[in-house]
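Notes follow once the structure below has been shown.
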């Protein structure tokens, strides 16, 4: 664990650093168009960066979404990236935990993610069966659809996730 990790909302000047991180971490997957679209839509996206010793080393987006047939707001976590040189130091967990707290403050009832269950389970995420992703997932991704509940023991939220335009590309859900 590294001490002195500062988490803050991203600013336009962060974009070149973010582009380098995503190109480094995901060389086979072009997430830059999605990241750029999310950053442009600050009405639904909370974009957080982690800074260590003045260097931007990580990024995470939390997009506020709706759920069909429900009045609850749910966040979608992603994309998330930690610069290769800074991985395995607790930075990803720190930025995600900070985002979870901020989503709780914004009254989101939960956060969904499509990601590695081995990683996200350490942050409290569990398999999600009530909220369906906006597109059908390939069988090999079914265990990767997870959520964390941010409110008490009220009735579970159920329905299809309604995502804003940056997430309305079927390829983001099937590759």
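Some notes on this structure:
- Some residue of segment 34-55 being farther than 25 Å from residue 133 by Cβ, part of a helix (DSSP H, G or I) and out of contact with any strand residue (DSSP E or B) (no Cβ under 7 Å at 6 or more places or on another chain): no
- Those residues of segment 1-24 which are in contact with a helix residue (DSSP H, G or I) (Cβ under 8 Å, 6 or more places away or on another chain) and under 11 Å from residue 57 (Cα atoms), in sequence order: 5, 7, 18, 22
- The single condition among (1) over 18 Å from the mean Cα position of the chain (by Cα); (2) surrounded by 13 or more Cβ atoms within 10 Å (Cβ to Cβ); (3) within 28 Å of residue 135 (Cβ to Cβ) that residue 78 does not satisfy is (1).
- Options 66, 78: the member that is assigned to a strand (DSSP E or B) and on the phi > 0 side of the Ramachandran plot: 78
- Selection over segment 1-19 of residues that are over 14 Å from residue 47 (Cα atoms), in contact (Cβ under 8 Å) with a residue 12 or more places away in the chain and assigned to a helix (DSSP H, G or I) gives a count of 0.
- Scan segment 87-139 for residues that are free of Cβ contacts under 8 Å to residues at least 12 places away in the same chain, farther than 24 Å from residue 21 by Cβ and in a helix (DSSP H, G or I) and the total you get is 2.
- Test: residue in segment 54-67 that is under 24 Å from residue 144 (Cβ atoms) and either at pLDDT below 95 or out of contact with any helix residue (DSSP H, G or I) (no Cβ under 9 Å at 6 or more places or on another chain) (or both): yes
- Flag for residue 24 being surrounded by fewer than 16 Cβ atoms within 10 Å (Cβ to Cβ) and either part of a strand (DSSP E or B) or in contact (Cβ under 8 Å) with a residue 40 or more places away in the chain (or both): yes
- Considering (1) surrounded by 13 or more Cβ atoms within 10 Å (Cβ to Cβ); (2) under 24 Å from residue 94 (Cβ atoms), the lone condition that residue 122 does not fulfil carries the number (1).
The values are calculated or read from the model by the stated rules, or taken from the named source; none is laboratory data. None of these values were measured; they are calculated from a predicted model. As a convention, Cβ positions derive from the backbone with ideal geometry for all residues, glycine included, and neighbour counts pool all protein chains shown.
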